[in-house]
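Peer 1: One structure coming up, written as C-alpha cells, with questions to follow.
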Amino acid sequence: MEIDYVHETEVGTLVTVRSVVEKVGKSSLTYLHEMRGTLDDVLYARVLTVTVRFDLSLRSKIDLEADARHAATSLLRAEGDTRR
C-alpha cells in the first residue's frame with residue numbers, strides 16, 4: 001500500500017473518494033483511491049493498493065477466475081483519464 005497525503009484536509013471539508021482498478025494481473029488487482037474535495041476537486045490523498053488472490057490451504061497465490069478478471073477489467077481506469 002502506498003499513501004500520498006497531498007493536501008491538508010480541514011475539519012468539515014466535504015470529500016468524495018473515487019476508486020478505480022489500475023491494473024489486472026494474473027493473480028492480483030491494483031486499485032487507485034483518490035480523496036478529493038467534492039466542491040473544489042482539490043486532491044487531498046491518494047492510495048495505491050495491490051491485492052493478491054491467495055489460497056490458504058496451498059499457502060500460495062492463485063490465478064484470478066475468469067469471471068473476476070472480467071469484472072475487474074470493466075472497472076479499469078478509462079483511457080485518457082489523467083487523474084492520478
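Peer 1: Please find, within region 32-84, the residue that is nearest to Gly12 (Cα to Cα) out of those that are of a type in the set (Ser, Thr, Tyr) and modelled with pLDDT of 95 or more.
Peer 2: Filtering first and then ranking leaves Thr38.
Peer 1: Would you check which residues across region 1-46 are within 20 Å of Ser74 (Cα to Cα) and open to solvent by less than 60 Å² (accessible area, probe 1.4 Å) and list them? Spell out how you get there, then give the answer.
Peer 2: From region 1-46, those within 20 Å of Ser74 (Cα to Cα) are 17-34; that's our starting set.
Residues satisfying the conditions are Val20, Val21, Glu22, Val24, Gly25, Ser27, Ser28, Leu29, Thr30, Leu32, His33, Glu34.
Peer 1: Among what's in region 22-31 and is out of contact with any Lys or Arg (no Cβ under 8 Å at 6 or more places or on another chain) and of a type outside the set (Ser, Thr, Tyr), pick the residue that is farthest from Glu10 (Cα to Cα).
Peer 2: We begin by selecting, within region 22-31, every residue out of contact with any Lys or Arg (no Cβ under 8 Å at 6 or more places or on another chain); these are 23, 25-26, 31.
Okay, now just the ones that are also of a type outside the set (Ser, Thr, Tyr), so 23, 25-26.
On the way: Lys23: 32, Gly25: 37, Lys26: 40 Å.
If we take residues in region 22-31 being out of contact with any Lys or Arg (no Cβ under 8 Å at 6 or more places or on another chain) and of a type outside the set (Ser, Thr, Tyr), then Lys26 is farthest from Glu10 (Cα to Cα).
Peer 1: Val17 - would you say it is under 27 Å from His70 (Cβ atoms) and touching a His at 6+ places or on another chain (Cβ under 7 Å)? So that I can check it myself, show each step before the final result.
Peer 2: Details: under 27 Å from His70 (Cβ atoms): yes; touching a His at 6+ places or on another chain (Cβ under 7 Å): yes.
Judged against the criteria, Val17 is a match.
The values are calculated or read from the model by the stated rules, or taken from the named source; none is laboratory data. Because the structure is predicted, anything quoted here is derived from the model rather than measured. Don't worry about glycine lacking a Cβ; one is built from the backbone with ideal geometry, like all the others, and counts go over all protein chains shown. Please note that ligands, DNA and RNA were not included when accessible areas were found on the heavy atoms of the full protein model with its side chains. Shrake-Rupley method; radii C 1.70, N 1.55, O 1.52, S 1.80 Å.
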